[in-house]
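As structure tokens, the structure follows; a few thoughts come after it.
The values are calculated or read from the model by the stated rules, or taken from the named source; none is laboratory data. Bear in mind the structure is a predicted one, so any value in this text is a computation, not a measurement. All Cβ positions, even for glycine, are placed from backbone atoms using ideal geometry, and neighbour counts span all protein chains on display.
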Amino acid sequence: MRRQNKYKVIGLMSGTSLDGLDIVDCEIMLEKQTWKFVIRSATTKKYNADWKSKLSSAHTLTAAKLFSLDHDYGKYLARVTLEFIKINKIKEVDFIASHGHTIFHQPDQGFTYQLGSGQTLHDISTYPVVFDFRSLDVIRGGQGAPLVPIGDRYLFGQYDICLNLGGIANLSLEQNKKRIAFDFCFANMGLNYLAAKAGNEFDKNGFLASTGKMEEAMLAQLETIYKTLRTIRPSLGRERFEKSIQPILDNETIPIQNRMRTFCESIAIETLNAVPSKKKKLKLLVTGGGALNEFLMRLIADKLKGKADVVIPEKQIIEFKEALIFAFLGVLRVRGEINCLKSVTRASRDSSGGMLVGF
């Protein structure tokens with residue numbers, strides 16, 4: 001498989017916002033030393049209330065219960081993948097590349113953990129599996145995130161900057177002939193958290209936020225947190241959100257729509273701070289669930305006016321770019337090639353991360 005120039009891969013991605021499991025069936029080709037891709041089919045399997053509860057509370061489990069859930073989630077991934085293959089009448093699959101669902105991400109403590117047993121996924125699906133993409137980089141002193149930038153470089157290199165508005169917002173770009181990338185704020189993780197308080201799964205098109213008013217004191221609180229993060233650019237995870245951001249969002253003296261409006265403003269401000277100033281106007285690709293939030297995108301486009309042209313691609317790319325890139329990371333791992341850049345994660349060296357089972 002290492003010598004192939006064409007791979008048929010299923011990529012699985014579960015993000016921090018708990019929207020659901022993204023599944024993409026793609027073909028990734030190396031043509032004249034250029035990587036190309038075709039998405040053949042894709043879907044998001046929404047989590048039911050039971051799985052949302054299990055995943056959101058997994059970090060509180062005992063070791064034995066966590067290992068049991070790891071196996072159960074592996075079975076879930078296999079079942080959903082096989083159902084996806086059947087529905088889409090997929091005849092050829094070289095392997096599955098599974099990100100899993102992040103439960104712990106504490107690189108400063110030397111560990112990161114994504115739920116979803118790759119061995120179980122392989123045993124039940126019968127397909128080879130690549131999983132656990134982050135651990136090797138953390139072992140080498142890196143943040144284990146973000147991992148998507150190498151895909152940005154090779155699959156979306158026509159853009160100056162790739163901005164992902166998922167549960168966590170991050171961007172990547174070339175600087176001094178190196179790819180750099182970093183998380184810069186919480187996005188859908190906070191918006192969905194607030195939407196849930198209003199009895200909604202998410203704020204469609206940013207409607208609720210658009211009806212709210214700015215709360216300057218709340219914005220100042222968020223600014224205080226992000227001001228420090230701007231200087232160190234750590235990878236962001238659930239732990240920091242619960243400790244620093246959630247208490248601000250839980251202020252019930254502020255109407256929910258005002259909290260939504262203010263949080264959107266904060267995301268737009270942090271985007272402006274994260275995008276570097278260049279002599280030329282930059283071409284910026286926006287993907288992730290936040291790209292579908294019309295109100296948020298208006299705020300961001302307005303903030304970046306004169307600095308960057310905001311490009312919102314077709315919906316399939318918006319929703320499935322991360323799953324596609326994890327499929328690509330799987331291809332690089334199978335080929336024994338670098339799929340994690342030290343210039344991005346600050347590790348001691350580049351690596352080819354991911355565990356292989358069934359190959």
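Just a few scattered comments:
- Within segment 225-248, tally of residues that are of a type in the set (S, T, N, Q), surrounded by 11 or more Cβ atoms within 10 Å (Cβ to Cβ) and without any contact (Cβ under 8 Å) to a residue 24 or more places away in the chain: 1
- Hey, A169 touching a residue at least 24 places away in the same chain (Cβ under 8 Å), part of a strand (DSSP E or B) and of a type in the set (A, V, I, L, M, F, W, C) or not: yes
- G336 being touching a residue at least 24 places away in the same chain (Cβ under 8 Å), over 25 Å from Q158 (Cα atoms) and in contact with a Cys (Cβ under 8 Å, 6 or more places away or on another chain): no
For every residue, the table says whether it meets (1) part of a helix (DSSP H, G or I); (2) among the hydroxyl-bearing types (S, T, Y).
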position: I124; (1), (2): yes, no
position: Y127; (1), (2): no, yes
position: F133; (1), (2): no, no
position: V138; (1), (2): yes, no
position: I150; (1), (2): yes, no
position: Q158; (1), (2): no, no
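- Pairing residues of segment 270-282 that are more than 13 Å from Q175 (Cβ to Cβ) and surrounded by 13 or more Cβ atoms within 10 Å (Cβ to Cβ) with residues that are among the hydroxyl-bearing types (S, T, Y) and at pLDDT 95 or above, at Cβ distances under 9 Å and at least 6 apart in sequence or on separate chains, gives E270/Y226; N273/Y226.
- For segment 225-272, filtering for residues that are of a type in the set (S, T, N, Q) and within 19 Å of G144 (Cα to Cα) leaves 2.
- Pairs linking a residue in segment 297-308 that is of a type in the set (A, V, I, L, M, F, W, C) to a residue that is part of a loop (DSSP other than H, G, I, E, B), with Cβ atoms under 8 Å and 6 or more positions apart or on different chains, are M297/I312; L304/V275; A308/D160; A308/V275; A308/K281.
- Restricting segment 341-359 to residues that are more than 18 Å from V129 (Cβ to Cβ) and not aliphatic (A, V, I, L, M), the residue that is surrounded by the most Cβ atoms within 10 Å (Cβ to Cβ) is T345.
- Any hit, segment 198-210, residues being in a helix (DSSP H, G or I), surrounded by fewer than 14 Cβ atoms within 10 Å (Cβ to Cβ) and in the same structural domain as R261 (by TED's automatic domain parsing): yes
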